[in-house]
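Below: one structure, written as structure tokens.
The values are calculated or read from the model by the stated rules, or taken from the named source; none is laboratory data. Values in this document were obtained by computation on a predicted structure and should not be read as measured data. Neighbour counts are summed over all protein chains in view; Cβ atoms, including those assigned to glycine, are modelled from backbone coordinates with ideal geometry. Note: areas computed on protein heavy atoms with side chains; ligands, DNA, RNA excluded. Shrake-Rupley method; radii C 1.70, N 1.55, O 1.52, S 1.80 Å.
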Amino acid sequence: MTKTETQTEQFDPLRDVMLAQSSRPPELGNVDLHSLTPFQRALLVLDGTVTKFIEAYTLEPLDIVRLDQATQVLPEDHHWLAAPKGTEVGLRQVLIRSKISLTAYAYAVSLLVFERLPDRVRYGIEIQGEGIGRLLNDSELETRREVLWYGQEHRQDLPEIVQRSAGSDFISRTYRIISKGQPIALINEKFPRALAKRPVSD
């Protein structure tokens, strides 16, 4: 193997993107980036709206299928949300899939600090079930994203519709959205590993 090939194999373009890779949950395994498609690698580093990126890449309109949504109170201080025990948060699970082919592209679990969200964003999330990224863009709220960690995982405890349409093996990443110096959401996105085994678009 040449020196150039060795350097290419060791190069990790995600190293300076993930701000807390050393804090990733223990159930996440290492990812061989060379085994992923360019599409999947882009999903891991993306700091914009995931649904719009997938639509542009696949030329398919997407559905955001709300699987569950509940309001709860934090049982303890939450480090990544910078929120104290007793803070009211929303827990939301959605499946992002194609309206045409029904291909499942992502399963996302979000934890949102409602008191830090504009009323119209909270309404869109709670009542209309819209995508968080699009709602924030439409609200013109200034935000930034911090991608925290990524890894691969095997899960068999997910909602039946996710298991059926996306399988059990995922590439996972977690990021938070910050506005006015405070985290407003912590989002985990799981992308089906099976997408690496077939072309995403023609």
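The figures follow:
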item	result
Where Trp80, Trp149 fall by accessible area, highest first, once all protein chains stay in place (1.4 Å)	Trp80, Trp149
Test item: Cα-centred dipole of the chain, Lys/Arg +1 and Asp/Glu -1 on Cβ, debye	160 debye
Residue order for Tyr57, Tyr107 - accessible surface, 1.4 angstrom probe, largest first	Tyr57, Tyr107
The chain: relative contact order in percent, alpha carbon pairs under 8 Å with at least 6 residues between	24 percent
Accessible area (Å², 1.4 Å probe, nearest 10) - Leu36	10 Å²
Heavy atoms of Ser172: accessible area, 1.4 Å probe, square angstrom to 10	0 Å²
Dimensionless Rg/Rh of the stretch 1-118 - Kirkwood Rh, Rg from C-alpha atoms	1.04
Which of Glu189, Glu130 is most accessible, then next, and so on - probe 1.4 Å	Glu130, Glu189
Share of carbon and sulfur in the accessible heavy-atom surface of the stretch 32-155 [1.4 Å probe, %]	48 percent
Projected area, mean over directions - the chain, Cα convex hull, nm²	12.7 nm²
Mean ellipticity per residue at 222 nm, deg cm²/dmol - from DSSP H runs of n ≥ 4 across the chain, formula -39500 (n - 2.57)	-6000 deg cm²/dmol
